[in-house]
1. Return yes when residue 304 is outside any helix (DSSP H, G or I) and either within 26 Å of residue 429 (Cβ to Cβ) or at pLDDT 95 or above (or both) and no when it is not.
2. Taking only the range 176-223 into account, find how many residues are in contact with a strand residue (DSSP E or B) (Cβ under 7 Å, 6 or more places away or on another chain), crowded, with 17+ Cβ neighbours inside 10 Å and at positive phi.
3. Could you tell me how many of the residues in the range 377-392 are surrounded by fewer than 23 Cβ atoms within 10 Å (Cβ to Cβ), under 13 Å from residue 20 (Cα atoms) and out of contact with any strand residue (DSSP E or B) (no Cβ under 9 Å at 6 or more places or on another chain)?
4. Looking for whichever is surrounded by fewer than 17 Cβ atoms within 10 Å (Cβ to Cβ) and either in contact with a strand residue (DSSP E or B) (Cβ under 7 Å, 6 or more places away or on another chain) or at pLDDT 95 or above (or both) here; the options are 465, 374, 398. Which one fits?
5. Could you list, in sequence order, all residues of the range 80-96 that are in contact (Cβ under 8 Å) with a residue 40 or more places away in the chain and touching a helix residue (DSSP H, G or I) at 6+ places or on another chain (Cβ under 8 Å)?
6. For residue 316, all conditions in the list (1) at pLDDT below 90; (2) surrounded by fewer than 18 Cβ atoms within 10 Å (Cβ to Cβ); (3) under 27 Å from residue 99 (Cα atoms) hold save one; what is the number of the exception?
7. Give me a count of the residues in the range 245-301 that are under 21 Å from residue 119 (Cα atoms) and part of a strand (DSSP E or B).
8. Which condition does residue 62 not pass, out of (1) surrounded by fewer than 24 Cβ atoms within 10 Å (Cβ to Cβ); (2) under 21 Å from residue 125 (Cβ atoms); (3) in contact with a strand residue (DSSP E or B) (Cβ under 9 Å, 6 or more places away or on another chain), if it passes all the others?
């Protein structure tokens, strides 16, 4: 074969892990440059029933890019990037980082268009964010990545190359009977009965996305590389708001920031596209980072506060922006905070420092876990990614805090409070704490599922949260997912044991 499969050696050791800090093993590795090369490799692996773990930039935290034997297919050489024909889309190879897409769109459009989803990790790759239906802070205003995927190029497990465009192939009820032209051979005929479960009406990236009469493209988005290898994606762009300001409100008492966020969501005309939360543990972690960096950071978190909320506020004019800031300040007072303690960023430079502060929280968590892992190798990142229906967040947050404090665990809570979706990260100091935290998380998965929430709102399931998915959908729901995969990947080579166990 022309495409090279290389023996796995210590040279590729970093490809055995992702940001979950879980480590795997592999016998071989390949770096295809094109969909055609990927197809050739997959035909070879499929003939041998060899497991294939697909990787992009390995920024995921669910262990999905961690191989458990077989071959690694790393897509880092798929770097193509160009504008769509109408200038309102961007076409990116699987390996192109989000930050590079953003710079390209800014140049090409004169800063008038942008790709709204804003995952925290801007080095995440185009293929990865489609595979995991990534989102981020701006999901509150724009929704997740799924809303912006117009077209994908997918290579099937048996090596067929398909172009799937939104709006072309639909299920009838819960049944697909479609024939897709393949770029490299006979048409791909898909006869498939969809699972019977219903996806919860919350921010969700857990398992296969299923709807009656659904668009075929949505089956592959969020499937975590288990149904096909995405080698290219075309994204719809949106008009950039004329003005975007940042605001960080600080609160002296626990739950004041939560009350502010919940009230703000019900306040008309606030103009927010992001509402992000930081608890006391998050603020303490950021202050520790400040001390370590000795004043070299672009931001400085003040002492003496228990919570903070970061907003991105949009407006068509400065007059409208000031009106919206006035409404927000009223809500800060109602929640018990002082608007004079808030920071407001109107310039691009100060706004960027706010964004850096937001992104520094998970980076600091990852650094702490990596340090602890040196002494306790059994530790991986232990973070919840659950979302709950509107109105249920305050009681859910109370459950998180009480369970973790009673267990004596070190934790930080931050994230997308606007979507009733918070990240709870346990900073395990040893394997015993890690095991205790996992047990607590399983209890939360049950409680959140019973509320009609999701066990994974944006990070996917990977290999680390499979048991949570079974809690959410039950044994029958997981069995139906496995049966769906068997239609597209009969030998189970793609992303084996991601989302659910193959056998």
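1. On the way: outside any helix (DSSP H, G or I): yes; either within 26 Å of residue 429 (Cβ to Cβ) or at pLDDT 95 or above (or both): no.
Considered against the rule, which asks whether it is outside any helix (DSSP H, G or I) and either within 26 Å of residue 429 (Cβ to Cβ) or at pLDDT 95 or above (or both), residue 304 comes out as no.
2. 0
3. 1
4. Numbers: 465 fails: surrounded by fewer than 17 Cβ atoms within 10 Å (Cβ to Cβ); 374 fails: either in contact with a strand residue (DSSP E or B) (Cβ under 7 Å, 6 or more places away or on another chain) or at pLDDT 95 or above (or both).
Result: 398 is the single residue among 465, 374, 398 that is surrounded by fewer than 17 Cβ atoms within 10 Å (Cβ to Cβ) and either in contact with a strand residue (DSSP E or B) (Cβ under 7 Å, 6 or more places away or on another chain) or at pLDDT 95 or above (or both).
5. Across the range 80-96, the qualifying residues are 90, 92, 93, 94.
6. In the conditions (1) at pLDDT below 90; (2) surrounded by fewer than 18 Cβ atoms within 10 Å (Cβ to Cβ); (3) under 27 Å from residue 99 (Cα atoms), residue 316 misses (1) alone.
7. Within the range 245-301, residues that are under 21 Å from residue 119 (Cα atoms) and part of a strand (DSSP E or B) number 11.
8. (1)
The values are calculated or read from the model by the stated rules, or taken from the named source; none is laboratory data. The model shown is predicted, which means the values in this text are computed figures rather than measured ones. When we count neighbours, we look across all protein chains shown, and the Cβ atoms used for this are built from the backbone with ideal geometry, even at glycine.
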